[in-house]
Amino acid sequence: MTEPQICVVSGATDGIGKATAIKLARSGAQVIAIGRSQKKGMEALRSLQEASKPVGSIEHIFMPADLSLMRDAARVANEISTLNDKVDTLIHSAGIICGDPVWTDEGLELNFATNYLSRFVLTMELQELLNRSVAPKVIAVASPGSHPDVINLNDLQMKQKWSGIRAFKQGQFANDLWMLALQRNHPSWIVSEIFPGLVKSNIFRSAVKLPFPINVAAFVAQLVGLTTEQAAEVPFLCAIAKDDSFRGKALGPQLKVRRYSKNALDIKRQDDFLNASTDLMNSLFNRS
């Protein structure tokens, strides 16, 4: 009997992450679901077990973690490493839109920490397990090619100049730089970044505190946006693909290819940002 693919999904207790995890369970994959809420995690776990019944007895796992905290991202990666000898697919779906200037107890701006840095840390801590897969995949749900380069390497936590819209744009553009660098530095991996479209999702629950454009997007999404099940289709298809057709791709709804900006494609800019991210991670974990 073929062993199931091992898929780690962050943000798997709600929204697109949960819908993607259920689709993967239904396809026969083993899902390791990461989420902040223990209650929602248990509910998601029951949904995963139910979804996989037609394809056999598969033991899914829920791991609680607050991914605004890098110590939690590192901890959950370590727990995954103790349970598994490989990871086939890592899907980053956890995300927030916070309209208040908030810094975590690790000194990190909340949007940046949750929407980018935890993804970076989780991937770096799991890279050994990913390398043991025949065709490792890393998939990030973000908005590739949509936002300008607003990153100041000397003020990544935006303590000098914070605004809600800039905090959101910084996290999204950070994913662009990182995912492009990740594909370049790991040519055997299949790295994809996905814009799910406007979605009826809880991510907009704090959008009323943000500037007008995001408030409008939140309003429109609730009226005509995709369901989370519809939005999960593209990350799911990327995860189960048998070939490498999605390698290094930025994709939107219906698998439409999106274009990265000139700044995102700048290799020096990618490397400078990657080095800054690595230095930040090392300082948080007291690594030399």
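Just so it is clear, none of the values below were taken in a lab; they were calculated from the coordinates. All figures in this text were calculated on a predicted structure; none of them were measured in a lab. Please note: Cβ atoms are built from the backbone with ideal geometry, for glycine as well, and neighbour counts cover all protein chains shown.
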ask   = Counting Lys and Arg as +1 and Asp and Glu as -1, each charge on the Cβ, what is the dipole of the chain about the Cα centre in debye, to the nearest 20?
value = 640
message = Can you work out the Karplus-derived ³J(HN,Hα) for every residue in the range 275-288? Use 6.51 cos²θ - 1.76 cosθ + 1.60 with θ = phi - 60°, whole Hz, and x for glycine or proline.
response = 5, 5, 5, 5, 4, 5, 4, 5, 5, 5, 9, 6, 9, 8
query = Counting DSSP beta bridges with both partners in the chain, what percentage is antiparallel, nearest 5?
reply = 5
ask   = Residue separation times 0.36 nm, minus the C-alpha to C-alpha distance between E43 and D243: what's the value?
value = 68.7 nm
task = Under a cut-off of 17 Å between alpha-carbon atoms, report the lysines in cross-link reach of K169, not counting same-chain residues fewer than 8 places apart.
result = K159, K161, K209, K262
remark   = Listed by chain and number, the aspartates and glutamates with an alpha carbon less than 15 angstrom from that of K39, same-chain partners under 8 positions apart left out, are D14, D66
ask   = Hey, what number do you get for the chain at 222 nm if only DSSP H runs of n ≥ 4 count, each worth -39500 (n - 2.57), divided across all residues, to the nearest 500?
value = -13500 deg cm²/dmol
ask   = What percent does the relative contact order of the range 1-72 come to when contacts are Cα pairs within less than 8 Å and at least six residues apart?
value = 31
request  = Return the subset of K40/K200; K86/K249; K53/K249 for which the Cα-Cα distance in this structure is over 26 Å, preserving the input order.
outcome  = K53/K249
query = Just one of (1) 20.4; (2) 19.7; (3) 18.9 is Kirkwood radius over Cα pairs in Å as worked out from the coordinates here. Which one is it?
reply = (3)
Neighbourhood charge, 11 Å Cβ-Cβ cut-off, centred on H147 and excluding it, Lys, Arg +1 and Asp, Glu -1 = 0
message = In the chain, if the dipole is taken from +1 on Lys/Arg beta carbons and -1 on Asp/Glu beta carbons about the Cα centre, which of Q38, L126, S143 is farthest to the positive end?
response = S143
query = Toward the positive end of the charge dipole of the chain, about the Cα centre and with charges on Cβ (Lys, Arg +1; Asp, Glu -1), which of P4, N263, S81 goes farthest?
reply = N263
message = Can you tell me, using C-alpha contacts under 8 Å and at least 6 residues apart, the relative contact order of the chain as a whole percent?
response = 18
